[in-house]
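Coordinate-derived values only; no laboratory data. Predicted model only: the values in this text are computed from it and were never measured. Neighbour counts are summed over all protein chains in view; Cβ atoms, including those assigned to glycine, are modelled from backbone coordinates with ideal geometry.
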Amino acid sequence: MGMRVLVATAMLVLLTGSALAEDNHVPRYGEEDKDKSQEQIRADKAAERAYQRSLGNIPDKGPSDPWSTVRSNDAPKTAAKPDTAAKPVKPKTKTGANN
């Protein structure tokens, strides 16, 4: 039993050590942002310009119809309207009186 406890303790120590090594600082609410260096500001601006240029390389596609291969060409484009000549159905309403 002593060996199992020793192995379990060693595993926990190794796991917590690697988890703490990956800890990045996450800004808390109300915490001031650190000032960026000139190099970081230039890198951010260059990345933004590259992003905007890459958006311009995307070709415009017209509207697509994913069901065009399934639908036949002679099918109506709109749904058929129900027959309005049928007798209208009177809705049942509760009045509180037993009929």
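Descriptive notes on the structure:
- Additional length obtainable on full extension of the chain from residue 44 to residue 94, 0.36 nm per residue less Cα span: 11.2 nm
- Counting charges near residue 35 (Lys, Arg +1; Asp, Glu -1) among other residues having Cβ under 15 Å from its Cβ returns a value of -2.
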